[in-house]
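This report concerns only the one structure given below.
A short reminder: the numbers here are calculations on the coordinates, not readings from a lab. The structure presented is a predicted model; accordingly, all values stated were derived computationally and were not measured. So basically every Cβ, Gly included, is an ideal-geometry build from the backbone, and we count neighbours across all protein chains shown.
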Amino acid sequence: MVDSLSLKSEVAAPAPAPAPKRGRGRPRPTVRSRREAWTAHLFLAPWFLGLFLITVGPIVASLYLSFTDYSLLDEAKWVGLDNYVKMFTEDPRFWASLKVTTIYVVVSVPLQLGFALALALLLDRGLRGLSFYRSIYYLPSLLGGSVAIAILWRKIFGADGLVNAVLALFGIQGTSYVNNPDTALGTLILLHVWTFGAPMVIFLAGLRQIPSSYYEAASIDGAGAVQQFRSVTLPLLTPIIFFNLVLEVIKSFQSFTQSFIVSNGTGGPSDSTLFYTLYLYSKGFKEYEMGYASAMAWVLVIIIAGLTGVNFLASKYWVFYGDSK
């Protein structure tokens with residue numbers, strides 16, 4: 001009896017699965033798949049070549065040069081941290097350029113984003129010919145960093161410019177605003193605010209994504225236009241505000257053309273428009289202190305990276321995402 005039961009159990013038990021042979025887990029690449037892989041690598045080769053020769057290579061070279069005394073004409077001499085020590089302790093123009101750039105960023109970025117948001121709210125009201133207005137308002141962003149617009153800006157705010165011509169109609173004697181230390185930086189801030197097109201288009205896209213049912217519910221609860229803006233529009237638009245803020249801060253720290261053209265490359269008057277990048281350019285390509293300029297470039301990288309990190313850390317306190325609890 002026991003033997004019959006044991007025999008039945010042996011017959012009923014499933015046979016163990018054969019162990020997989022080595023090499024069966026991954027199919028062998030066919031000739032066609034290998035050919036497609038080589039074709040993909042071939043098409044990607046120019047991009048990788050440009051990445052290493054034009055981007056990664058110069059970045060690594062500038063990091064090395066920042067620890068050297070290099071004049072473009074002689075061989076680079078290793079000096080260690082001398083460039084950084086000189087920058088922070090012996091160069092007052094470095095601190096002046098950092099101050100001017102910081103004021104420029106702190107003032108111009110909020111003004112530009114506020115103006116862009118106001119126009120986006122206006123265009124979101126369903127104006128006829130919206131695509132035309134959107135294109136017209138975006139145009140300054142395409143032209144704002146160009147040399148031609150910077151020259152035009154210098155003419156507008158010059159002694160015989162358009163601003164003084166308008167003021168003369170009211171009997172007001174104007175001055176050359178680009179040559180006045182008290183107003184020169186203000187003209188560049190105004191130029192940056194004028195290039196509001198890119199953040200405005202992004203704001204407009206964000207406004208179009210807010211469901212109208214939210215405004216209907218707020219209206220039923222008795223909320224007016226201002227209350228709807230504060231309670232509905234702003235919270236749902238905070239990711240777009242954060243995105244524009246990060247981009248514009250980085251872009252503003254890298255501003256160069258406006259200051260270079262308006263001040264004729266000097267950063268004047270009295271270093272009032274001496275942007276950080278302009279001083280970096282002057283050190284590297286006018287005074288041929290390429291090692292010092294490379295050190296300045298890496299300090300700028302650290303500043304931008306630090307501010308970007310702070311923005312991301314602070315965003316959790318004021319940026320609202322629809323799926324957040």
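Things to note:
- Computed over Cα pairs, the Kirkwood radius of the stretch 82-318 leads via Stokes-Einstein (0.692 mPa s, 37 °C) to a diffusion coefficient of 164 µm² per second.
- Spin-label model distance (nm) - Ala118 vs Val85, 7 Å beyond Cα toward Cβ: 5.1
- Separation in nanometres of the label points that stand 7 Å from Cα toward Cβ, at Ser212 and Gln227: 2.2
- Lys251, Lys283, Lys316, Lys155 arranged by Cβ crowding within 10 Å, fewest neighbours leading: Lys316, Lys155, Lys251, Lys283
- Counted as membrane-span-like here are DSSP H helices of the chain whose alpha-carbon atoms extend 30 Å or more along the helix's own axis and whose Kyte-Doolittle mean is 0.0 or above; these are 92-123, 290-318.
- Listed pairs Lys77/Lys286; Lys77/Lys283; Lys86/Lys286; Lys77/Lys99 exceeding 21 Å between Cα atoms: Lys77/Lys99
- Using a Förster distance of 30 Å, the FRET efficiency for Ile151-Asn311 (Cβ separation, nearest 0.05): 0.35
- Derived value for the stretch 181-325: Kirkwood hydrodynamic radius 18.3 Å. Basis is the mean of 1/r over every pair of different alpha-carbon atoms.
- Just checking the listed ones, Arg134, Arg35, Arg208: in the Gaussian network model of the chain with Cα springs under 10 Å, the one fluctuating most is Arg35.
- Arg35 paired with Trp47, simple spin-label distance in nm, labels 7 Å along Cα-to-beta-carbon: 2.3
- Residue with peak Gaussian network fluctuation, the chain [Cα springs, cutoff 10 Å], from Ala96, Ala205, Ala314: Ala314
- Structure-based [θ]222 nm, the chain - -39500 (n - 2.57) summed over DSSP H runs of at least 4, per residue, nearest 500: -20500 deg cm²/dmol
- Max mean-square fluctuation residue, GNM over the chain, Cα-Cα springs under 10 Å, options Leu63, Leu139, Leu49: Leu49
- Computed over the Cα atoms of the stretch 62-197, the ratio of the radius of gyration to the Kirkwood radius (Rg/Rh) comes to 1.14.
- Centre-to-centre, using Cα atoms only, the stretch 31-72 and the stretch 261-287 are separated by 32 Å.
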